[in-house]
Amino acid sequence: MDADSLLNPERRMLRRMQEKPGHEWSLTEILEACQWKDQAVAVGAGHGLTNGGLVKTKENSSSLVRLATEGVKAKESGLLEARLWSWISTHEEPSMANLQSNFERHEAGPGVGLMKRLGVQMSNGAFAAENPEQVTTQIAERTAFIQSLPQPENSLDSDMLEHFKSRRGLIESVVSTTRTWTLTSAGQAVASDSLVEKQFITEITSELLQSDEWKDAEYRPFDVTLESSTPRTGRSHPMQALIERVRSIFLEMGFSELVDDYVQTAGWNMDALFIPQDHPAREMQDTFYLENPQSIELPKHLTDAWGAIHEHGGDTGSVGWGGSFSAETSEKGLLRTHTTVNTIQYLAENPTEACRVFSVDRVFRKEAIDRTHLPEFHQIEGIIMEEGANLQMLVTTLKTFYAKMGYPEVRVRPAYFPYTEPSLEIEVKWRGKWLELGGAGIFRPEVTEPLGISSPVLAWGMGLERLAMLVLGLDDIRQLYISDLEWLRNQPIL
Ligand code: PHE
């Protein structure tokens, strides 16, 4: 073994030991010779030297018998039999009845048993011993035993040990290990001038880096295999961290964020998006309609415009859905089922200004909770409105977003939404499989024309929890919301 690789404590310990070759060093001797206070340093250094073959360790495990909780009390105030015996011997009327008023209930019962086994019997309501001297001697022996502890187990009288082991809480055995160290010939052969303790650099400062010293300096080595405790500090919930990441990606791509209420009207949530009023998704199983507010008034010009579109296509050249449109249905209050309800209102307010807007927000659907469904979840929504915007641009934008998230393989497939044409489904490759993450498309004229929107609008909406499942490798979406501290602590920083 090369002395060069020895750590400072090992160097010191080896050097001291070389001063007395052949000596078997105890821990106390090592601590004193090396001027250490911490046993762990000595044991650690001894371990290192032993691994290097420079020192031999002898370990001795021995069992020590010491007082347990009840034993400590007995040592202070006497064993129960000793106290009872002195009471019996001195009391004028050592009867059972008197015993109970002089000793605690939990002591009286076992006490009588103890006395009986020592040969002190109850007769005619009083205690009497056949051989009082013997009782006194036996009790004195027991007391001496208790007073003598702690002692190595093998030095103790085995009958006495058995006796006290059978009584609860008086004594206990602990195994203690003692070590001694002896120099080996290899240890002896290490040149002592190579055992000078090195000055290690523990901190890299700018002065050090600016000077030339760092080139020849010795750095304190770190043992990365040692166990260490993980610092537990407060941190964002993984969902929040993911939202922040999505946000920063869109901001970086030149989008501005839109934040809006989740209490909305059926009109904006559906009619404005040309979702027919008899569409199954409007039924109770999908949408949470509100009792309060049950309905929210909408400007008549809006419901009229949507009515015209739905019934016959308005001026768009579309034939609409036919049937008759109900403004009352439009005014129903609900919890938004998608964030498209907010982007469409943004467009209605800003119909002619080119824009790039996104939101990451909560939506609600009447879903049964299972591995992949929650009634409350988040959508990542976005729109681009500008002259000449086209499908290619939409696909590129989505691909760029997912590439920045770390998923370079994205594909789109034809899909259907009542409010977009063409419509797309976005899929991301994960662990060799294509996973559907959301929908996208270009808003139909039935959506844009009544609101006076002139340029093409590219739109998309994607599930955030689905993305979280990918990022965090989850099989069950519910894991995100069950406040499992252990799991939360072990999540990567996103
Ligand atoms: N709103 C759709 C959904 O909730 C997603 C979507 C948004 C589709 C925009 C096309 C355009 O699934």
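Among the residues of region 13-26, write down those that are out of contact with any Cys (no Cβ under 6 Å at 6 or more places or on another chain) and buried (at least 16 other Cβ atoms within 10 Å of the Cβ). Listed by number, the residues that qualify are 14, 15, 17, 18, 25.
The condition of being away from the ligand (no atom under 13 Å from the Cβ) and of a type in the set (Asp, Glu) holds for residue 353.
Within region 203-230, the residues that satisfy the criterion of being open to solvent by less than 100 Å² (accessible area, probe 1.4 Å) and aliphatic (A, V, I, L, M) are 208, 217. Residues considered: 414, 408. Of these, the only one that is within 14 Å of the ligand (Cβ to nearest atom) and either of a type outside the set (Lys, Arg) or in the same structural domain as residue 478 (by TED's automatic domain parsing) (or both) is 414.
Within region 192-250, restricting attention to residues that are assigned to a loop (DSSP other than H, G, I, E, B) and closer than 30 Å to residue 382 by Cα, which residue is modelled with the lowest pLDDT? Filtering region 192-250 for residues that are assigned to a loop (DSSP other than H, G, I, E, B) and closer than 30 Å to residue 382 by Cα, the one modelled with the lowest pLDDT comes out as 235.
Got a number for residues in region 168-179 being outside any strand (DSSP E or B) and either at pLDDT 95 or above or of a type in the set (A, V, I, L, M, F, W, C) (or both)? Step through it out loud before you land on a result.
As a first pass, look at region 168-179 and keep what is outside any strand (DSSP E or B): 168-170.
Now restrict to residues that are either at pLDDT 95 or above or of a type in the set (A, V, I, L, M, F, W, C) (or both): 170.
Adding up the residues that qualify gives 1.
Among the residues of region 358-388, which ones are out of contact with any His (no Cβ under 7 Å at 6 or more places or on another chain), within 12 Å of the ligand (Cβ to nearest atom) and among the β-branched types (Val, Ile, Thr)?
380, 383, 384
Contact annotation: residue pairs with Cβ atoms under 6 Å, 6 or more positions apart or on different chains, pairing a residue in region 428-443 that is among the aliphatic types (A, V, I, L, M) with a partner that is outside any strand (DSSP E or B) and open to solvent by 10 Å² or more (accessible area, probe 1.4 Å), are 428/407; 437/466; 442/456. For region 443-471, taking the residues that are open to solvent by 30 Å² or more (accessible area, probe 1.4 Å) and within 18 Å of residue 391 (Cβ to Cβ), the one that is farthest from the ligand (Cβ to nearest atom) is identified as 445.
Answer with yes or no whether residue 117 is open to solvent by 60 Å² or more (accessible area, probe 1.4 Å) and in contact (Cβ under 8 Å) with a residue 24 or more places away in the chain. Criteria not met by residue 117.
Scanning region 472-494 for residues that are open to solvent by less than 60 Å² (accessible area, probe 1.4 Å) and in contact (Cβ under 8 Å) with a residue 24 or more places away in the chain turns up 472, 476, 477, 480, 488, 491, 494.
Every residue, every condition in (1) over 22 Å from residue 379 (Cα atoms); (2) charged (D, E, K, R); (3) within 37 Å of the chain's Cα centre (by Cα); (4) in the same structural domain as residue 345 (by TED's automatic domain parsing), yes or no:
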| site | (1), (2), (3), (4) |
| --- | --- |
| 258 | no, no, yes, yes |
| 278 | yes, yes, no, yes |
| 283 | no, yes, no, yes |
| 301 | yes, no, no, yes |
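Can you pull out every residue in region 426-437 that is of a type outside the set (Val, Ile, Thr) and crowded, with 22+ Cβ neighbours inside 10 Å? Selection gives 437 alone. Quick one: would you say residue 187 is open to solvent by less than 50 Å² (accessible area, probe 1.4 Å) and at positive phi? No, not satisfied.
Is it true that some residue in region 321-333 is at pLDDT below 95, out of contact with any helix residue (DSSP H, G or I) (no Cβ under 7 Å at 6 or more places or on another chain), among the acidic types (Asp, Glu) and over 20 Å from residue 257 (Cβ atoms)? No, region 321-333 contains no residue that is at pLDDT below 95, out of contact with any helix residue (DSSP H, G or I) (no Cβ under 7 Å at 6 or more places or on another chain), among the acidic types (Asp, Glu) and over 20 Å from residue 257 (Cβ atoms).
Which members of region 298-339 meet the condition of being within 16 Å of the ligand (Cβ to nearest atom), among the hydroxyl-bearing types (Ser, Thr, Tyr) and open to solvent by less than 10 Å² (accessible area, probe 1.4 Å)? 339 - this is the single residue of region 298-339 that is within 16 Å of the ligand (Cβ to nearest atom), among the hydroxyl-bearing types (Ser, Thr, Tyr) and open to solvent by less than 10 Å² (accessible area, probe 1.4 Å). Residue 180 meets all of the listed conditions (1) in contact with a strand residue (DSSP E or B) (Cβ under 6 Å, 6 or more places away or on another chain); (2) closer than 29 Å to residue 464 by Cα; (3) of a type outside the set (A, V, I, L, M) but one, namely (2).
Just to be sure before I move on: is residue 132 touching a Leu at 6+ places or on another chain (Cβ under 7 Å) and either on the phi > 0 side of the Ramachandran plot or open to solvent by 50 Å² or more (accessible area, probe 1.4 Å) (or both) in the structure I sent? For residue 132, the condition - touching a Leu at 6+ places or on another chain (Cβ under 7 Å) and either on the phi > 0 side of the Ramachandran plot or open to solvent by 50 Å² or more (accessible area, probe 1.4 Å) (or both) - is not met. Test residue 10 against the criterion of being without any contact (Cβ under 8 Å) to a residue 60 or more places away in the chain and open to solvent by less than 30 Å² (accessible area, probe 1.4 Å), and give yes or no. So residue 10 passes the test. Residues that are open to solvent by less than 50 Å² (accessible area, probe 1.4 Å) and out of contact with any helix residue (DSSP H, G or I) (no Cβ under 7 Å at 6 or more places or on another chain) within region 408-422 comprise 415, 420, listed in sequence order. Could you check, for region 143-160, whether at least one of its residues is closer than 29 Å to residue 60 by Cα, without any contact (Cβ under 8 Å) to a residue 40 or more places away in the chain and in contact with a Lys or Arg (Cβ under 9 Å, 6 or more places away or on another chain)? Looking through region 143-160, at least one residue is closer than 29 Å to residue 60 by Cα, without any contact (Cβ under 8 Å) to a residue 40 or more places away in the chain and in contact with a Lys or Arg (Cβ under 9 Å, 6 or more places away or on another chain).
Screening residue 392 on (1) among the polar types (S, T, N, Q); (2) at pLDDT below 95; (3) open to solvent by 50 Å² or more (accessible area, probe 1.4 Å) shows it passes everything except condition (2).
The values are calculated or read from the model by the stated rules, or taken from the named source; none is laboratory data. Source: prediction; values computed, not measured. Quick reminder, even Gly has a Cβ in these numbers, built from the backbone with ideal geometry, and neighbours come from all protein chains shown. Side chains included, ligands, DNA and RNA excluded: accessible areas come from the protein's heavy atoms. Shrake-Rupley method; radii C 1.70, N 1.55, O 1.52, S 1.80 Å.
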